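S.K.: Pasting a structure below so you can have a look.
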2 protein chains.
Amino acid sequence: MWSTMQDFPLTITTIMRYGTQVCGAVEIATWTGDGARRRSYAEVGERAARLAGALRALGVDGDQRVATFMWNNTEHLEAYLAVPSMGAVLHTLNLRLFPDQLVYIANHAEDYVVIVDGSLIPLLAPVLPQMKTVRHVVVVGEGDTAPLEGAGKELHSYEELLAGAPPEFAWPEIDERSAAAMCYTSGTTGNPKGVVYSHRSAYLHSLSVCTGNALGMSDADVVLPVVPMFHANAWGLPYAAMLAGAALVMPDRFLQAEPLVKLIEAERPTVAGAVPTIWSDVLRYTREHGSDLSSLRLVPCGGSAVPEALMRGFDEIGVRIVQAWGMTETSPVATMAHAPAGAEGERAWRARVSQGRVLAGLEIRVVGDGDVVLANDGEAVGEVEIRGPWITGAYHRDEDPGRFHDGWLRTGDVGNLSADGYMVLTDRAKDVIKSGGEWISSVELENHLMAHPDVIEAAVVGVPDDRWQERPLASVVVREGASVTAAQLREFLSDRVPKWQLPERWAFIAEVPKTSVGKFDKKVLRRRYAEGGLEVHDLTGF
Amino acid sequence: MWSTMQDFPLTITTIMRYGTQVCGAVEIATWTGDGARRRSYAEVGERAARLAGALRALGVDGDQRVATFMWNNTEHLEAYLAVPSMGAVLHTLNLRLFPDQLVYIANHAEDYVVIVDGSLIPLLAPVLPQMKTVRHVVVVGEGDTAPLEGAGKELHSYEELLAGAPPEFAWPEIDERSAAAMCYTSGTTGNPKGVVYSHRSAYLHSLSVCTGNALGMSDADVVLPVVPMFHANAWGLPYAAMLAGAALVMPDRFLQAEPLVKLIEAERPTVAGAVPTIWSDVLRYTREHGSDLSSLRLVPCGGSAVPEALMRGFDEIGVRIVQAWGMTETSPVATMAHAPAGAEGERAWRARVSQGRVLAGLEIRVVGDGDVVLANDGEAVGEVEIRGPWITGAYHRDEDPGRFHDGWLRTGDVGNLSADGYMVLTDRAKDVIKSGGEWISSVELENHLMAHPDVIEAAVVGVPDDRWQERPLASVVVREGASVTAAQLREFLSDRVPKWQLPERWAFIAEVPKTSVGKFDKKVLRRRYAEGGLEVHDLTGF
């Protein structure tokens, strides 16, 4: 028996219509360094229509990929609306990828147009000639376009294109399951992999972000996405803001503590999302200058684990940081670490330092060896798996199919789930060391080692071991002039972890290798060890 | 190009899993008159599984309709979860329908099982023999079942069925577009018509109710649905509460002001939804007894226009009433009349006394004669049309297809839309009088007439007129002992409305006929007039 309800699709077009028509007077402000330029959502709606018309005129008439190489600004929002709503696919290029990765993903996605901020031309120009499928480059704002010439692409001015296009566009009817946008993982293991969001997933994710257990967004909010729009949809904040009729404040390229604080004082956002390192800098600056962040009612924070000290520091100035967890493959918001209603003291903090509770609509579970589903008892540790309508079910071109099974995504994160749904992550699956049937957390060993006064950085990886299958190898960067030994570090650890977890193998290195987004690149360490490129002190038998 | 996202359905099963697993410790309290009985969501989850197993054993193995004839209580919630999640269709029978309407809809829907509260056996018993497709009657709680015997149905005890069923159920995979629940309109124009909700529509409606611009529900809330669960899903409050991990408080059959206030004082709900007449009674009782309603942060109110005096009265005791508008066909919540963020004084009140702003995801428009879409200028008046994923696209068995066109539902309500999306309703379309190309609002004439000190009730309907196509007929109930004439009433109106709107035809009646839910039944008046059953004073020529 079928229902009698309308078969109305869940699309970004609907988000755009609501934001630009019902909430047309709401404003989006883009920071210019010493102030903000402003447009109303109604104006953004007309400009999105013009952009769609201009892209159509450039030959975008199907699901071609239109890439953006842009900061967070009004024009990027216009592309967020126009490209998916015209039936094409938005591909947000991550400015921070290595040049060869940028070339790889532009070719892999088969980008046809690139919209680039004038200020980013120097970054794009060196790689543009190798982006084989790109035919058109559209330049937003000021900037010397000379470096783009000679790459064999047609160059256009964004504003000239919009001025020449009609102010209305016949937005097509779109199947909600068709592609709306693409984003590539940052690729700590092998090549970046493409996630293709649908209209449906973007809509449901945005709506979910607006609910009371997520950000509770309403038209009373002013939303500041510091997290880049080229990074997992800026956590869905731009679309969610439009669904809520909330104002937007965009930082453009001004991402250092000082301009961010000035922007917050001037524009008084109520919700602002960024990674922990940015909030650390903002907190330090605020303390030094007595700045006023009191407009913020909620600061979602994620991308890496949020230190408790950072949350307590913000609590002291009356601003609530709430940890969120997710990944490119989860749209990205999957959990939020609000304290349970009414919880105080230790109970509240235990929740707040966890990765949080899964958003309604998603399901999460912890799986042990042999894909056995473990109990949600706050103790059993395994790989976290997740499913739901805004979770990836495959990568573009079906790469790495082993990450998916039975309709679940293997997140690659290891942790446990409490009976009331709070998730505590302890490690990345690939970084867990499986020693004689027991799991050793590399992250825990690293955190203890980095607490040693002579240690600047420490990375622990599992290496093959005849007896135990795998054992930890600790690679340590020591403070200049310090003369700590491997035996002393092992002794230091022995007060902090069980004896069987103590590493036997130690290497002293100049620097821990990093990925393009600054994470420890452990596969490089494993390879160096395998190739004999590390000088290893072996304490076996000590 | 298709996305790579999981094809995960939007179902009530997901709502049930989230509520009963992630939020299993949250409680639902059902009022017993002098206290509450309680169950955790986890217990409700197990009991829903037992109920599904028991219904399967009774032969419910497809999309059979399982009807409920119940107050708001835990067992009704169990049916809300179990019936749709097992793939069957929940049909909530409206206790307040006339007996012949009850029989009509049970037969029209082809109900196979009826679950009935013991206290409601006396209401069900007289009509049960005529419910031809019903095979099983399941009685919840105490109650003399003797009156049900002899109707040719198998009788069961709810608790015995559950005790005999397994504590787990293999919930099937469900297509989100399949039927989840049915509700019949109250039928002010002809027979009741069936609306068949889908899993998808229920899910999206519930999620939307949780967003900041609707009720902003979170796990900090305790939700009291006074509005019956047999009436348009209790405005989606039960499902929304489970999606939010909010506690529920159910009033069962205790719907008078005194027990409601006691329940509010004891259980301290934060959100409570009911129609205006109930809140009027609660306000009066609260003033008389100095009761404490301070736990309520938000009171959604709808079903009929909310008087400004009622909202101001609640403001005085610190409780915020927010008007909501919708109908059975809209799941039902479609608009909410929060004041715009930051608005105060007259501007805020203008918004609050309107029917409000459309929820994100829905689209609304005003259509004039010849289906011309009118401007959203706060002035142009026409019929309101609406579309979106939780709006009905047809009635069960395709009855009354004229209510739907081009993917829009004609709401039958007449009003205007402001540029910022606020809707003001002035009339029901069928009650508007079209006189010589101009529209006369019957509601406005009635309101003016009822302000006359000698008038108790007044109903105005359009009747055929040779010259003007249609003219108003005013049917008036006067205070006992009063001797006001038609000419005097017309004179009274002439200071308040334009001359061309003044009724020529007047009737003095003993009582305005009402529908089963207490609304003016204007079709009866029109029929009486047509059949010459009214004594009409004709002032034409005055």
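The values are calculated or read from the model by the stated rules, or taken from the named source; none is laboratory data. Since the model is a prediction, treat every value here as computed from it, not as a measurement. Every residue, glycine as well, gets a Cβ built from its backbone with ideal geometry; the counts of neighbours run over all protein chains shown. Please note that ligands, DNA and RNA were not included when accessible areas were found on the heavy atoms of the full protein model with its side chains. Shrake-Rupley method; radii C 1.70, N 1.55, O 1.52, S 1.80 Å.
S.K.: Which one is farthest from B:S208 (Cα to Cα) among residues in the stretch B:311-333 that are β-branched (V, I, T) and assigned to a loop (DSSP other than H, G, I, E, B)?
M.R.: If we take residues in the stretch B:311-333 being β-branched (V, I, T) and assigned to a loop (DSSP other than H, G, I, E, B), then B:I317 is farthest from B:S208 (Cα to Cα).
S.K.: Does A:L120 qualify as being among the hydrophobic types (A, V, I, L, M, F, W, C) and either outside any strand (DSSP E or B) or at pLDDT below 95 (or both)? Outline the logic, then answer.
M.R.: Values: among the hydrophobic types (A, V, I, L, M, F, W, C): yes; either outside any strand (DSSP E or B) or at pLDDT below 95 (or both): yes.
Yes.
S.K.: Test each condition in (1) over 24 Å from A:S201 (Cα atoms); (2) crowded, with 21+ Cβ neighbours inside 10 Å; (3) within 11 Å of chain B (Cβ to nearest Cβ) for A:G24 and report the one that comes out false.
M.R.: (2)
S.K.: When only residues in the stretch A:404-437 that are touching a helix residue (DSSP H, G or I) at 6+ places or on another chain (Cβ under 8 Å) and assigned to a helix (DSSP H, G or I) count, which is nearest to the other protein chains (Cβ to nearest Cβ)?
M.R.: So, considering only residues that are touching a helix residue (DSSP H, G or I) at 6+ places or on another chain (Cβ under 8 Å) and assigned to a helix (DSSP H, G or I), the one nearest to the other protein chains (Cβ to nearest Cβ) is A:K430.
S.K.: Condition (residue is out of contact with any Asp or Glu (no Cβ under 8 Å at 6 or more places or on another chain), surrounded by fewer than 22 Cβ atoms within 10 Å (Cβ to Cβ) and within 14 Å of another protein chain (Cβ to nearest Cβ)) applied to the stretch A:164-171: is it met by at least one residue?
M.R.: Scanning the stretch A:164-171 turns up at least one residue that is out of contact with any Asp or Glu (no Cβ under 8 Å at 6 or more places or on another chain), surrounded by fewer than 22 Cβ atoms within 10 Å (Cβ to Cβ) and within 14 Å of another protein chain (Cβ to nearest Cβ).
S.K.: Do you know which residues across the stretch A:354-376 are over 19 Å from A:P389 (Cβ atoms) and facing chain B (nearest Cβ under 9 Å)?
M.R.: Matches in the stretch A:354-376: A:N376 only.
S.K.: Here's something else I'd like to know. Could you tell me how many of the residues in the stretch B:298-320 are farther than 30 Å from A:Q6 by Cβ, among the β-branched types (V, I, T) and touching a strand residue (DSSP E or B) at 6+ places or on another chain (Cβ under 9 Å)? Quick ask: steps written out before the conclusion?
M.R.: Initial filter on the stretch B:298-320 (farther than 30 Å from A:Q6 by Cβ): B:307-320.
Then drop every residue that is not among the β-branched types (V, I, T), which leaves B:317, B:319.
After this cut, where a residue has to be touching a strand residue (DSSP E or B) at 6+ places or on another chain (Cβ under 9 Å) as well, the list is B:319.
So the answer is 1.
S.K.: Still on this structure: Filter the stretch B:197-227 down to the residues that are within 10 Å of another protein chain (Cβ to nearest Cβ) and hydrophobic (A, V, I, L, M, F, W, C) and list them by number.
M.R.: Result: B:A202, B:L204, B:L207, B:V209, B:C210, B:A214, B:L215, B:M217, B:A220, B:V222.
S.K.: Further question: Quick one: which helices (runs of 4 or more DSSP H) sit completely within the stretch A:211-303 and have at least 1 residues that are crowded, with 20+ Cβ neighbours inside 10 Å and touching a Gly at 6+ places or on another chain (Cβ under 6 Å)? I'd like the intermediate steps shown before the answer.
M.R.: Values: elements: A:237-244, A:257-267, A:276-289.
Per the criteria, A:237-244, A:276-289.
S.K.: Something else now. List the strands (runs of 3 or more DSSP E) that sit entirely inside the stretch A:438-541 and contain at least 1 residues that are free of Cβ contacts under 8 Å to residues at least 60 places away in the same chain, among the β-branched types (V, I, T) and open to solvent by less than 50 Å² (accessible area, probe 1.4 Å). Give the derivation first.
M.R.: Working: elements: A:438-440, A:455-465, A:469-478, A:505-508, A:536-538.
So the answer is A:455-465, A:469-478.
S.K.: Tell me, please, whether a residue that is touching a residue at least 40 places away in the same chain (Cβ under 8 Å), closer than 30 Å to B:G415 by Cβ and among the aliphatic types (A, V, I, L, M) can be found in the stretch B:282-301.
M.R.: yes
S.K.: If you check A:V138, A:V134, which single one turns out to be open to solvent by less than 10 Å² (accessible area, probe 1.4 Å) and part of a loop (DSSP other than H, G, I, E, B)?
M.R.: Details: A:V138 fails: part of a loop (DSSP other than H, G, I, E, B).
Among A:V138, A:V134, only A:V134 is open to solvent by less than 10 Å² (accessible area, probe 1.4 Å) and part of a loop (DSSP other than H, G, I, E, B).
S.K.: Could you grab the pairs with beta carbons closer than 6 Å, sequence gap of 6+ or different chains, first residue in the stretch A:338-353 and at the interface with another protein chain (Cβ under 10 Å from one of its Cβ atoms), second one of a type in the set (D, E)?
M.R.: That search, which allows pairs on different chains as well, returns A:A341/B:D219.
S.K.: Counting only residues that are more than 14 Å from chain B (Cβ to nearest Cβ) and under 24 Å from the mean Cα position of the chain (by Cα), how many does the stretch A:316-325 have?
M.R.: Narrowing the stretch A:316-325 to residues more than 14 Å from chain B (Cβ to nearest Cβ): A:316-319, A:321, A:323-325.
Of the ones still in play, those that are also under 24 Å from the mean Cα position of the chain (by Cα) are A:319, A:321, A:323-325.
Here the count works out to 5.
S.K.: Residues of the stretch B:348-380 being part of a loop (DSSP other than H, G, I, E, B), closer than 27 Å to A:Y239 by Cα and open to solvent by 30 Å² or more (accessible area, probe 1.4 Å), which ones?
M.R.: Scanning the stretch B:348-380 gives B:A375, B:N376, B:D377.
S.K.: Right, something else. Which condition number in (1) out of contact with any strand residue (DSSP E or B) (no Cβ under 8 Å at 6 or more places or on another chain); (2) within 14 Å of chain B (Cβ to nearest Cβ); (3) open to solvent by 30 Å² or more (accessible area, probe 1.4 Å) is the one that A:I15 fails?
M.R.: Against the list (1) out of contact with any strand residue (DSSP E or B) (no Cβ under 8 Å at 6 or more places or on another chain); (2) within 14 Å of chain B (Cβ to nearest Cβ); (3) open to solvent by 30 Å² or more (accessible area, probe 1.4 Å), A:I15 comes up short only on (3).
S.K.: Sticking with this structure for a sec: Do any strands (runs of 3 or more DSSP E) entirely within the stretch B:32-98 hold 2 or more residues that are among the charged types (D, E, K, R) and open to solvent by 10 Å² or more (accessible area, probe 1.4 Å), and if so, which? Break it down into steps so the answer makes sense when it comes.
M.R.: Values: elements: B:36-40, B:65-69, B:89-92.
The qualifying strands (runs of 3 or more DSSP E) are B:36-40.
S.K.: Collect the residues in the stretch B:64-79 that are of a type outside the set (A, V, I, L, M) and touching a Ser or Thr at 6+ places or on another chain (Cβ under 7 Å), keeping them in residue-number order. Give the derivation first.
M.R.: Just the residues of the stretch B:64-79 that are of a type outside the set (A, V, I, L, M), to begin with: B:64-65, B:68-69, B:71-76, B:78.
Listed by number, the residues that qualify are B:T68, B:N73, B:T74, B:H76.
S.K.: While we're here: Can you tell me which residue is farthest from A:A202 (Cα to Cα) among those in the stretch A:397-412 that are surrounded by 20 or more Cβ atoms within 10 Å (Cβ to Cβ) and not polar (S, T, N, Q)? I'd like the intermediate steps shown before the answer.
M.R.: Pass one, the stretch A:397-412, residues surrounded by 20 or more Cβ atoms within 10 Å (Cβ to Cβ): A:404, A:408-409, A:411.
From what is left, the residues that are not polar (S, T, N, Q) are A:404, A:408-409.
Values: A:F404: 20, A:W408: 19, A:L409: 18 Å.
Checked the stretch A:397-412; the qualifying residue farthest from A:A202 (Cα to Cα) is A:F404.
S.K.: Restricting to the stretch B:99-114, name every residue that is in contact (Cβ under 8 Å) with a residue 40 or more places away in the chain, open to solvent by less than 10 Å² (accessible area, probe 1.4 Å) and under 20 Å from B:K193 (Cβ atoms). Steps first, answer last, please.
M.R.: At the first step, the residues of the stretch B:99-114 found to be in contact (Cβ under 8 Å) with a residue 40 or more places away in the chain are B:101, B:104-105, B:108-114.
With the extra rule that they be open to solvent by less than 10 Å² (accessible area, probe 1.4 Å), the set shrinks to B:105, B:109, B:111, B:113-114.
Within the stretch B:99-114, B:I105, B:A109, B:D111 meet the criteria.
S.K.: Another question about this same structure. Of the conditions (1) surrounded by fewer than 16 Cβ atoms within 10 Å (Cβ to Cβ); (2) facing another protein chain (nearest Cβ under 10 Å), A:G194 clears all except one; give me its number.
M.R.: Condition not satisfied by A:G194: (1).
S.K.: Something else about it: If you go through the stretch B:379-403, how many residues are within 7 Å of chain A (Cβ to nearest Cβ) and free of Cβ contacts under 8 Å to residues at least 60 places away in the same chain?
M.R.: Looking only at that region, the number is 4.
S.K.: Given the conditions (1) farther than 30 Å from A:E27 by Cβ; (2) within 14 Å of chain A (Cβ to nearest Cβ), report the number of the one that B:Q469 does not fulfil.
M.R.: Of everything listed in (1) farther than 30 Å from A:E27 by Cβ; (2) within 14 Å of chain A (Cβ to nearest Cβ), B:Q469 misses just condition (2).
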